[in-house]
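Peer 1: Just passing along the structure, written as structure tokens.
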Amino acid sequence: MGIKAVFVPLARTTFYMPSAEENFAKSVKVLKDIFADIKTPDSLITDPADVAAYLKDVTAPDLIIYQCTTFIGSEFMYEIMRKFNCPVLIWATREPSIDGTRLKLNSLTGAFSAGNSVYTQGRKFDFVFGNPDEQNVIDTFVNYNKALSLINDLKELVIGVVGNQPAGFGFGTVHETDLIGTLGSRVARVEAASIMEKAKSYTAEEVADDLAELNARTINVNIPAENMEKYARLRKAFQSFVDENNIGALASRCWPDFFTGFGAPVCAVLSMLNDNNIASSCETDIGGAISMYIGSRLSGQATYFGDPVAIDENCDAIVYWHCGAGASTLASSACGAKLGVHPNRKIGPVMDFGLKSGEVTVIRLGSDKDGYRMFMYKGEALDEPQKFYGTSVTVKPEGGKAAQYVKEFVKDGWEPHFVVVYGDVTNEIKILCNLLNIRLFEY
């Protein structure tokens, strides 16, 4: 969901207005390229009374961008705080010249004044410094747009939960009242048995498209036709649950129910859901599913959900693995999205490949006695061969020292499921955690 932003560019006419007006015009262009819904004035606002008039018809903005185009006093900010309680980005621009002559804008001092006003009121705010054509400035606004859009999406998110956590996997549950209070998301539940009963009710013709989807995206290595049809039935039943409840993320029971009750794994079903923008975790890990949703929305692609199963000293990296639910779109081009059988149960189809290489961010929304917290570190998914049956990826933390990192992760009590996000989303995660009051553990 997009956000509603308001640009409030302020100036005092006693300063050098040609430079102020040039920055204003460039700022409007940059912001309109980033924010689909942003209110901007026709000219600089130079009187506190004009701020109230400009904001008169604004209701419930998600972000105020407060530009001290020149030095201004706190009276401008007081009017904004009186009317709104949304995050504020205070923006100071550079002096046009530092040459021993006139101080032309004094924008930075205006930002200090504004920051002091917001800070003493205990409001959420941030600061950006630079001219509108600077990449760090543009990146800040892009990241805020993405993070705030995600926060709005989380408020509307329905998390589908299939069955309960297996014995000993209680870390995957969430307190639904806390979930609504922190993220705004809600849960829709169904029993695994209900999914299986629905799957049995379809005809072969009704699941033909679901089977065709899997065949089109994967390399079939002699999985029996009977197992492929069972997969397709489960795929259709899961999609029905998703569609009926407007689900955006899903946490599913997997073992032993679908092996013993249906004779097929659910791994490949979750893989296809991830490929189709429904972030889906196994072992009914709700926090993991939310983490996948966060990562996929920020990166624009599927994420990977895995256990930290080994330290590969040869490449100073951590191996993340799971039985076979990795998204087919994440497969390494060297092997492709190959189908196989479950490494323990010996039933297919499951995904069986190594993941692609590239820059990654590893995250996890977890909790402890003090509430929600977020795990994060930057790394690189290495171009390494598949390490175990199932799906796996080898991640080298930025700067190496994998064994030292793992020791810290265990000592800090993190849940044993993590999400590998392709790309660098660290700045967006920082903004997200700050705005939602989630403690961030950055390694």
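The values are calculated or read from the model by the stated rules, or taken from the named source; none is laboratory data. All of these numbers come straight from a predicted model, not from anything done at the bench. Ideal geometry is used to build each Cβ from the backbone, glycine not excepted, and the neighbour counts take in all protein chains shown. Surface areas here come from the heavy atoms of the whole protein model, side chains and all, with no ligands, DNA or RNA. Shrake-Rupley method; radii C 1.70, N 1.55, O 1.52, S 1.80 Å.
Peer 1: Work out the FRET efficiency for LYS346 and LYS155 from their Cβ-Cβ distance, taking R0 = 45 Å, and round it to the nearest 0.05.
Peer 2: After rounding to 0.05, the efficiency reads 0.55.
Peer 1: What residue among VAL419, VAL161, VAL128 shows peak mean-square fluctuation when the chain is described by a Gaussian network model with Cα springs under 10 Å?
Peer 2: For the chain, modelled as a Gaussian network with Cα springs under 10 Å, the answer is VAL128.
Peer 1: Just in the stretch 383-426: which trypsin sites (Lys or Arg not before Pro) are loop by DSSP and have at most 14 other Cβ atoms within 10 Å?
Peer 2: LYS401
Peer 1: On to the next question. Would you kindly state how much longer the chain becomes between LYS124 and ASP50 on full extension, computed as 0.36 nm times their sequence separation minus their alpha carbon distance, in nm to one decimal?
Peer 2: Value of the extension gain: 24.2 nm.
Peer 1: Label points 7 Å out from Cα along the Cβ direction at TYR389 and ASN437: separation in nm?
Peer 2: Roughly 4.9 nm, to one decimal.
Peer 1: Treat each spin label as a single point 7 Å out from the Cα along the C-beta direction, and report the ASP316 to THR14 distance in nm.
Peer 2: Each label point is offset 7 Å from its Cα along the Cβ direction, giving 5.7 nm.
Peer 1: Which of the following values of log10 I(q)/I(0) by the Debye sum over Cα atoms at q = 0.06, 0.07, 0.10 Å⁻¹ was calculated from the structure shown: [x] -0.32, -0.42, -0.77; [y] -0.31, -0.43, -0.89; [z] -0.25, -0.35, -0.72?
Peer 2: Matching entry in [x] -0.32, -0.42, -0.77; [y] -0.31, -0.43, -0.89; [z] -0.25, -0.35, -0.72: [x].
Peer 1: Give the peptides 291-300, 174-183 in descending order of average Cβ contacts within 10 Å, highest first.
Peer 2: 291-300, 174-183
Peer 1: Hey, another quick one. Considering only protein heavy atoms, with the full assembly of protein chains and a 1.4 angstrom probe, order ASP383, ASP153 by accessible area, largest first.
Peer 2: Listed by decreasing accessible area, they come as ASP383, ASP153.
Peer 1: Still on this structure: Which three semi-axes in whole Å describe the equivalent ellipsoid of the stretch 1-150, each the square root of 5 times a Cα gyration tensor eigenvalue, listed largest first?
Peer 2: Computed over the stretch 1-150, the values are 23, 18, 14 Å.
Peer 1: Which parts of the stretch 136-164 would a label at THR260 reach, counting a residue when its backbone N lies under 14 Å from a point 7 Å out along Cα-to-Cβ?
Peer 2: 164
Peer 1: Can you tell me how much longer the chain between ILE98 and MET1 gets when fully stretched, taken as 0.36 nm per residue apart minus their C-alpha distance, in nm with one decimal?
Peer 2: 30.6 nm
Peer 1: Could you tell me how many degrees, from 0 to 90 and to the nearest 10, lie between the Cα long axis of helix 225-245 and the main elongation axis, the longest principal axis, of the Cα atoms of the chain?
Peer 2: 30 degrees
Peer 1: Please give me, ordered by residue number, the trypsin sites (Lys or Arg not before Pro) of the stretch 14-92 that lie in loop per DSSP and have at most 13 other Cβ atoms within 10 Å.
Peer 2: LYS56
Peer 1: Now, a different point. Using only Cα atoms, find the angle between the long axis of helix 107-120 and the longest principal axis of the chain, and express it within 0 to 90 degrees, rounded to the nearest 10.
Peer 2: It is inclined by approximately 60 degrees.
Peer 1: Just tell me which aspartates and glutamates come within less than 16 Å, Cα to Cα, of LYS198; anything on the same chain fewer than 8 places away is out.
Peer 2: Excluding near neighbours in sequence, the set is GLU206, ASP210, GLU229, ASP243, GLU244, ASP257.
Peer 1: Each residue of the stretch 175-186 in order: what ³J(HN,Hα) in whole Hz does its phi give by Karplus 6.51 cos²θ - 1.76 cosθ + 1.60, θ = phi - 60°, with x for Gly and Pro?
Peer 2: Calculated HN-Hα couplings, in order: 7, 5, 5, 5, 4, 5, x, 8, 9, x, 6, 10 Hz.
Peer 1: For ARG345, tell me the accessible area in Å² from a 1.4 Å probe, rounded to the nearest 10.
Peer 2: Accessible area, nearest 10 Å²: 100 Å².
Peer 1: Continuing with the same structure: Sequence-distant or interchain residues sharing an amide H contact under 5 Å with ALA327, placed H: which?
Peer 2: For ALA327, whose amide H was placed from the backbone, there are no distant partners under 5 Å.
Peer 1: Additional query: How much length would be gained if the chain were fully extended between SER333 and THR59, taking 0.36 nm per residue of separation minus their Cα-Cα distance, in nm to one decimal?
Peer 2: Stretched fully, the SER333-THR59 segment lengthens by 93.7 nm.
Peer 1: In addition: Please give the FRET efficiency for ASN276 paired with GLU75, using the beta carbon to beta carbon distance and R0 = 51 Å, rounded to the nearest 0.05.
Peer 2: 0.50
Peer 1: Further, regarding this structure: For the stretch 130-235, rounded, prolate or oblate, judged on the Cα gyration tensor with a ≥ b ≥ c (square roots of eigenvalues), a/c < 1.5 rounded, else prolate if a/b > b/c?
Peer 2: Judged from the Cα gyration tensor, the stretch 130-235 comes out oblate (a/c at least 1.5, b/c at or above a/b).
Peer 1: Over 27 Å between Cα atoms: which of LYS236/LYS430; LYS29/LYS146; LYS32/LYS155; LYS369/LYS407 fall into that group?
Peer 2: Over 27 Å Cα-Cα: LYS236/LYS430.
Peer 1: Let me ask something else. Give the percent of DSSP beta bridges with both residues in the chain that are antiparallel, rounded to the nearest 5. Mind showing how you got there, number by number?
Peer 2: Working: 34 of 72 bridges.
Antiparallel: roughly 45 percent of the beta bridges in the chain.
Peer 1: Output the 0 to 90 degree angle, nearest 10, between the alpha-carbon long axis of helix 286-299 and the longest principal axis computed from the alpha carbons of the chain.
Peer 2: 60 degrees
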